[in-house]
1. Restricting to region 107-138, what's the tally of residues that are of a type outside the set (D, E, K, R), without any contact (Cβ under 8 Å) to a residue 60 or more places away in the chain and not in a loop (DSSP other than H, G, I, E, B)?
2. Let me confirm something: among LYS105, LYS123, LYS89, LYS142, which residue is closer than 19 Å to THR301 by Cα and surrounded by fewer than 16 Cβ atoms within 10 Å (Cβ to Cβ)?
3. Looking only at region 31-69, which residues are part of a strand (DSSP E or B), free of Cβ contacts under 8 Å to residues at least 40 places away in the same chain and closer than 17 Å to ILE20 by Cβ?
4. Picking from PHE106, PHE86, PHE96, PHE118, which residue would you name as being in contact with a strand residue (DSSP E or B) (Cβ under 9 Å, 6 or more places away or on another chain), over 24 Å from ALA29 (Cα atoms) and not charged (D, E, K, R)?
5. Answer yes or no: is there a residue in region 202-213 that is closer than 24 Å to LEU75 by Cβ, surrounded by fewer than 16 Cβ atoms within 10 Å (Cβ to Cβ) and among the polar types (S, T, N, Q).
6. Here are LYS309, LYS282, LYS267, LYS259: which of them is surrounded by fewer than 19 Cβ atoms within 10 Å (Cβ to Cβ), in a strand (DSSP E or B), in contact (Cβ under 8 Å) with a residue 40 or more places away in the chain and not β-branched (Val, Ile, Thr)?
7. List the number of the failed condition for GLU217; all other conditions in (1) in contact (Cβ under 8 Å) with a residue 40 or more places away in the chain; (2) surrounded by 14 or more Cβ atoms within 10 Å (Cβ to Cβ); (3) over 26 Å from PRO127 (Cβ atoms) hold.
8. Can you say whether LYS89 is of a type in the set (Lys, Arg), in contact with a His (Cβ under 8 Å, 6 or more places away or on another chain) and outside any helix (DSSP H, G or I), as far as the supplied structure shows?
Amino acid sequence: MKIAVIGCGNIVVKEHIPAIISLDIKIHALCDISQGNIDSAKKLLDYEVPTYTCYKQLIKKERPDTLVVALPHNLYYDVLIFCSDFPLKIIKEKPFALNLAEAKKFSDLSRGKNLKIFTVCQKRYTPAYELLKQEINDTGEKISHLTIRYTIPSENPNANWRSQFSTSGGGVWLDMGYHVIDIINYLFDGKEVTVNHARLLNSSEENYNVEDMAFVEMECAGVIIFAYISCVEIEKHEDITAYGKSKIFYTDKKGLTVKNKKQQLVKRIEAEDDSPFVRMYKDFLFDSGEAGFERNLSSSTSLMRILEKAVMNSKFNVAA
């Protein structure tokens, strides 16, 4: 396996490279237009690697077989088109695409003879979410509705390229909502998700033209799902509550709490302190193989359909 990295920003330095290192995989080259980003990435390695400011030169000279790509959303198209001429596995940051039309093009590229695209969805590998799914299945509790909160108190929400629809493709619904829909797909084993109602709101119109809050009601397998997403909250939340006939299941990244409808504690399980990124890389690089790429590609296209349905159902005007 010969891995190279294109884009050495915060998520790559904080999560991707440490996860790769922990699995004893060597990184063979780095690429970024910022020397500062490259320097930050190199500090994590205990060996020297060639560095580039042009991804085309890296691919032509180093000939990697696997690329980790983390770029502004609007830059993926040109990179993937170029990569399609080479036998490469692409591990790209979410979202899969800017919109559904672009997603169809990426899907066609990934089904070609050269390129295989895997879109990063590490949150489904969160140990606490695995506990939630297992506990619901083990108890046989019939779930009537489920709520998901995913909020981040950002000091500079929708900054830089994220501020414009033309470069980001959308605000929190595309960027953070991508994870939320993937978690729903994980919990419900990929069953069809419908969008009942959506409101995408921009509370700071003078700063950017994309939404910073999303309220979306969905339905899957007869379960009503309410998602609240925001990058302008006071506190960070990442939790799920599932309401059954006799029990309530609550999980955050720390673990799972189960209570009955009288608010009496039934069970508390602490989650393992395992990195979702490490678990994700181990799964699709070593455990799932080609089947993992195919499942991810199918899921990615499905996610884009659901995300676009919510945009179409919302009253938010992205061109405002």
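FYI, it's all coordinate maths here, none of it is from the lab. Everything numeric here is computed off the predicted structure, so don't read it as measured data. Glycine also receives a Cβ, built like all others from the backbone with ideal geometry; neighbour counts cover every protein chain displayed.
1. Going through region 107-138, the residues of a type outside the set (D, E, K, R) turn out to be 107, 109-110, 112, 114-115, 117-122, 125-129, 131-132, 134, 136-137.
With without any contact (Cβ under 8 Å) to a residue 60 or more places away in the chain added as a condition, the list becomes 109, 112, 114-115, 134, 137.
Keeping just the survivors that are not in a loop (DSSP other than H, G, I, E, B) gives 109, 115, 134, 137.
Result for region 107-138: 4.
2. Working: LYS123 fails: surrounded by fewer than 16 Cβ atoms within 10 Å (Cβ to Cβ); LYS89 fails: surrounded by fewer than 16 Cβ atoms within 10 Å (Cβ to Cβ); LYS142 fails: closer than 19 Å to THR301 by Cα.
After ruling out the rest, the residue left standing is LYS105.
3. Pass one, region 31-69, residues part of a strand (DSSP E or B): 31, 51-52, 66-69.
Within this subset, residues satisfying the condition of being free of Cβ contacts under 8 Å to residues at least 40 places away in the same chain are 31, 51-52.
Across region 31-69, the qualifying residues are CYS31, THR51.
4. Values: PHE86 fails: over 24 Å from ALA29 (Cα atoms); PHE96 fails: over 24 Å from ALA29 (Cα atoms); PHE118 fails: over 24 Å from ALA29 (Cα atoms).
After applying the criteria, what remains is PHE106.
5. If we filter region 202-213 for residues that are closer than 24 Å to LEU75 by Cβ, which is where we start, we get 202, 207-212.
With the extra rule that they be surrounded by fewer than 16 Cβ atoms within 10 Å (Cβ to Cβ), the set shrinks to 207.
Right, trim to among the polar types (S, T, N, Q) and you get 207.
Yes - at least one qualifying residue is present in region 202-213.
6. On the way: LYS309 fails: in a strand (DSSP E or B); LYS282 fails: in a strand (DSSP E or B); LYS259 fails: in contact (Cβ under 8 Å) with a residue 40 or more places away in the chain.
Among LYS309, LYS282, LYS267, LYS259, only LYS267 is surrounded by fewer than 19 Cβ atoms within 10 Å (Cβ to Cβ), in a strand (DSSP E or B), in contact (Cβ under 8 Å) with a residue 40 or more places away in the chain and not β-branched (Val, Ile, Thr).
7. The single condition GLU217 does not satisfy is (1).
8. Details: of a type in the set (Lys, Arg): yes; in contact with a His (Cβ under 8 Å, 6 or more places away or on another chain): no; outside any helix (DSSP H, G or I): yes.
No.
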